[in-house]
Each structure stands twice: as C-alpha cells, then as structure tokens.
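The values are calculated or read from the model by the stated rules, or taken from the named source; none is laboratory data. Quick caveat: nothing in here was measured; it's all calculated off a predicted structure. We place every Cβ from the backbone using ideal geometry, glycine too, and count neighbours over all the protein chains shown. All accessible areas refer to the heavy atoms of the entire protein, side chains included, with ligands and DNA or RNA removed. Shrake-Rupley method; radii C 1.70, N 1.55, O 1.52, S 1.80 Å.
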Amino acid sequence: MFEPTEPARAAAVRAATLADIARRRTLVASAWNGRELINVAELLDIVTLSLYEEEPTRPGGICESARLALADAEATAAETPGTGFPVGFGQYVTHALDRRPLTVPARPCLTGWSLADEDAQLVAALNTLHSHLAAAATETVALALLEAVFALHAKRADLAQFSHG
C-alpha cells in the first residue's frame, strides 16, 4: 500500500490550506470571482487527495493528477485576477516537495507613484515571508506564513484592480 512521504503530506496540507483560503474569500467576493474561487478550491482538493493517495510519477515528487489539477487551478486564478490568487501560486504547494526558491510574480505597471510604492512595499514583505517560509521549522509555522503570504497577494490584486479601474 502506498504511504505518502513527509514532503508529500506537507504539500497536501498546503494545498488544503489554500483551498480553505479560497473558500473563505467567497464570502466577500463578487458572484463571478466567488464561482472561480470555488473552482480553485475544488481543484486544490483534488491536489490534496492525489498527494495523499497516489505515488509520485513526476520529478519533484508530485503525481500526475496533482500536477494537472494544480495547473488547472493556476490557470483558473490567472484568468480571474479578482480571486486574489497570484499567477503561479502552485509554487507554494510544490515548494514542500522541491524546495525551489519562491518568487513574487510581476504586476502590470501600476498607474500613480503611490500605488507603485505601495506595491514595492508589498513585494518586499512577500520576499521576507518567502524567506521565512523556506526556513520554517515546522509545517504549522509554514501554514501560518502561507496565510500571511496570501493576505499580501490579495492586497496586491486589490491594488492592481484599483489602478486599472
């Protein structure tokens, strides 16, 4: 019988945490964004279950069904910026498996110096949280840091929407 590795369990818990964040955001989202957040959450549920139940088939310790569901969740979020989920957010799940450096996605040019300055501050805070996440002593600490990271990503998404009307 298959038993997931410690990194696979950590990645599964991170996917479940992101699904919870998506579901909580539906409470304050528009109908369109709420529907897409539910889609993201359901895809992340598939990632969670796949990581617990399937042997890794891909480099980095991820199984194919988890990789595909994560790619679909990322695509859904990218098509709906109002979800507040950043482009490439799957890195927060796969980081538990491959320990690749976390990156902050670029934002389209913000109009107005005060918005650009605020975004620069958020990026600096995200980079700091990324370094803490990479060095987290326990997965409990990592999950708390993920909550903070996604709060900052939501603020960046709000800034971008404010800037572009």
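At q = 0.15, 0.16, 0.19 Å⁻¹, what is the base-10 log of I(q)/I(0) for the chain according to the Debye formula with one equal point scatterer per Cα and no solvent? Please give it to two decimals.
Normalising to I(0) and taking log10 leaves -0.79, -0.89, -1.21.
Using mean Cβ contacts within 10 Å as the protection proxy, how do 136-148, 81-93 order, highest first?
The densest-packed peptide leads the list: 81-93, 136-148.
For the range 57-165, with all protein chains present and a 1.4 Å probe, just round the carbon and sulfur fraction of the accessible area to a whole percent.
60
Can you list which of the trypsin sites (Lys or Arg not before Pro) found in the range 22-124 are DSSP loop residues with at most 16 other C-beta atoms within 10 Å?
99
With a 1.4 Å probe and all protein chains left in place, how much accessible area per residue does the chain have, in Å²?
With all protein chains present, the chain gives 51 Å² per residue.
Tell me the chymotrypsin sites (Phe, Trp or Tyr not before Pro) within the range 1-74 that lie in a loop according to DSSP and have at most 13 other beta-carbon atoms within 10 Å.
Values: sites: 2, 32, 52; in loops: 2.
Hits after loop and neighbour filter: 2.
What is the angle, in °, between the Cα long axis of helix 6-25 and the longest principal axis of the Cα atoms in the chain? Nearest 10 is fine, range 0 to 90.
40
Arrange the residues 58, 9 by how much accessible surface each exposes, largest first, with a 1.4 angstrom probe.
The most accessible residue leads, giving 58, 9.
Note down the relative contact order for the range 1-77 as a percent, whole number, built from C-alpha pairs under 8 angstrom at least six residues apart.
Value for the range 1-77: 35 percent.
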